[in-house]
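Following: one structure in C-alpha cells, then a few remarks.
The values are calculated or read from the model by the stated rules, or taken from the named source; none is laboratory data. No experiment lies behind these values; they were computed from the predicted model shown. We place every Cβ from the backbone using ideal geometry, glycine too, and count neighbours over all the protein chains shown.
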Amino acid sequence: MLNVPDRYGIEGTKTMALSDQLTNLAARAKELEDRAAAAKTKKKSDLEQDVKSTRVSAEGRKEKLSSWWDKAQRDWNDQMASIRREFDKGRNEHDLKKAQRAAESANEDAEFAIEFAYAALEEAEYAVLDAELAQMDADEIADDERAG
C-alpha cells in the first residue's frame, strides 16, 4: 500500500489498501441496489429530495475526477512509454527507481479506477432515482387524465 497524494480530493482512499477499497465499492453497489428498490415505495417528495442530493453528489465527484483522470492517463502513458523504451534498449541493469515509479503509478491508476467506479455508481443511482421519479410523474398524469 502506497501513501499517495490525494490528487482527486477523495477522503479516506489514499492510505487504504486496494482490496479494502474494492470491498467498500461492493458495499456501495449493494447500498445503491437497496436504495433503488426502496425508491418504488417512497413518497414523491422524498424521492425528489433523493434525486436532488444524488445529482449534487455525482456532479461534485465527476468534476474532481475529470481533470485528474486526464492527467493520470497522460502520466501513465508517458511512464509506460519510458519504461518500454528502456526495456527495448536491452538494458540488463535494473533501475529500481523507475520500477518503483511504475509501481506507484500503477497503484495510483488502480485507486483512481476504483474511485471512478464510485462515481459511476453515483451516476447510476441518480439515473435510477430520476427514472423512478419520472415514472411517478407519468403515473400521476395518467391518473389525472382518467379522473378528469
Listed by first then second residue, the pairs whose first member lies in the stretch 43-66 and is closer than 15 Å to residue 137 by Cα, whose partner is acidic (Asp, Glu) and part of a helix (DSSP H, G or I), with beta carbons under 7 Å and at least 6 positions apart or on separate chains, are 47/132; 51/130
Within the stretch 105-148, residues being more than 30 Å from residue 79 (Cβ to Cβ) and part of a helix (DSSP H, G or I) number 24
Filtering the stretch 43-82 down to residues that are outside any helix (DSSP H, G or I) and surrounded by 12 or more Cβ atoms within 10 Å (Cβ to Cβ) yields none
Discussion item. Taking the criterion of being loosely packed, with under 10 Cβ neighbours inside 10 Å, at pLDDT below 85 and not in a helix (DSSP H, G or I), would at least one residue in the stretch 1-10 satisfy it?
Written reply: yes
Confirm whether residue 64 is within 30 Å of residue 135 (Cβ to Cβ) and among the basic types (Lys, Arg). no
